[in-house]
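Peer 1: One structure follows; several queries about it will come next.
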Amino acid sequence: MNKAICMVEYATVSRGIAAADGMVKAAAVSLHKIRAVCPGRLIAVFSGALAAVKAAVDFARADFPGELEDCFVIGRPHGGLFEALTADKVTPFDGPAALGMLETTTVASCVLAADYGLKAAGVRLLHIHYGAGMCGRCYFLISGSVADVEEALASAKANLSPGGALVDWTVIPSPDEAVWRALTRE
């Protein structure tokens, strides 16, 4: 994807929808996803030229500061990140590999960390799970060699956004096929 992306995460659904509306009106950005997540938060994903995306986030910060839980702007997102942000299913497993997972306290911090991890090592992003049923927490799943998964998670942990915190992470060197099948039914 050639466009910059951003995500805003608001403490309330109503304030988040109002902010998303204002962001689209304030800058030439495209709104790709708007979703309520636990515990009553709202996330919105936008794309556009980097200057427009920054202007939209600046609007959100200035006009709705008290409810903004977390946000990010990525000027050059990893190719697989945007697809994962807009997909609702886990990418199927396609061969023997390690499984890596990282969980954070906010959706925006998790997505930003995933982008850093993807850029740091030769891993494949399988899924980003938005805070539904997790009290607002978020996690991502990656696969690749054990060394690549470890390198990706190290980079992801080192680059969390200020709004979120690391909850946990793990690497499973050779997950059982039943785990892979169960994850793809999520």
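The values are calculated or read from the model by the stated rules, or taken from the named source; none is laboratory data. If you're wondering where the values come from, they're calculated on a predicted model, not measured in any experiment. Please note: Cβ atoms are built from the backbone with ideal geometry, for glycine as well, and neighbour counts cover all protein chains shown. Side chains included, ligands, DNA and RNA excluded: accessible areas come from the protein's heavy atoms. Shrake-Rupley method; radii C 1.70, N 1.55, O 1.52, S 1.80 Å.
Peer 1: Specify whether the C-alpha gyration tensor of the stretch 1-92 places it in the rounded, prolate or oblate class, a ≥ b ≥ c being the square roots of the eigenvalues: rounded for a/c under 1.5, otherwise prolate if a/b is larger than b/c and oblate if not.
Peer 2: It is oblate, given that a/c is not under 1.5 and a/b is not larger than b/c.
Peer 1: Where only protein heavy atoms count, and the probe is 1.4 Å, what is the accessible area per residue for the chain in Å²?
Peer 2: 44 Å²
Peer 1: Expressed as a whole percentage, what fraction of the accessible surface of the chain belongs to carbon and sulfur atoms when a 1.4 Å probe is rolled over the protein heavy atoms?
Peer 2: 53 percent
Peer 1: Which value in nm describes the separation of the simple spin-label points at residue 167 and residue 17, placed 7 Å from the Cα toward the beta carbon?
Peer 2: Result: 2.6 nm between the two label points.
Peer 1: Students often forget the sequence filter, so: which aspartates and glutamates lie under 19 Å Cα-Cα from residue 54 once same-chain residues fewer than 8 apart are removed?
Peer 2: 9, 21, 63, 67, 69, 70, 115
Peer 1: Run the numbers for residue 58 and residue 181: contour at 0.36 nm per residue of separation, minus the present Cα-Cα distance, in nm.
Peer 2: Length gained, residue 58 through residue 181: 40.1 nm.
Peer 1: Can you give the accessible area of residue 150, probe radius 1.4 Å, in Å² rounded to 10?
Peer 2: 100 Å²
Peer 1: Let me ask something additional. Can you tell which of 75, 160, 175 lies farthest toward the positive end of the dipole of the chain, using +1 and -1 charges on the Cβ of basic and acidic side chains (Lys, Arg; Asp, Glu)?
Peer 2: 75
Peer 1: Just read off the accessible area of residue 71 with the full protein assembly in place, 1.4 Å probe, to the nearest 10 Å².
Peer 2: Roughly 20 Å² of residue 71 is accessible to a 1.4 Å probe.
Peer 1: Continuing with the same structure: If you compute semi-axes √(5λ) of the Cα gyration tensor in Å for the structure shown, which of (1) 28, 16, 14; (2) 33, 25, 14; (3) 35, 19, 15 do you land on?
Peer 2: (1)
Peer 1: Now a separate question. By the 4.7 Å beta carbon criterion, which cysteine residues of the chain come out unpaired?
Peer 2: If one checks each Cβ against the other cysteines of the chain, 6, 38, 71, 135 turn up with nothing under 4.7 Å.
Peer 1: Given points 7 Å out from each Cα along the Cα-Cβ axis, report the residue 145 to residue 174 separation in nanometres with one decimal.
Peer 2: 1.6 nm
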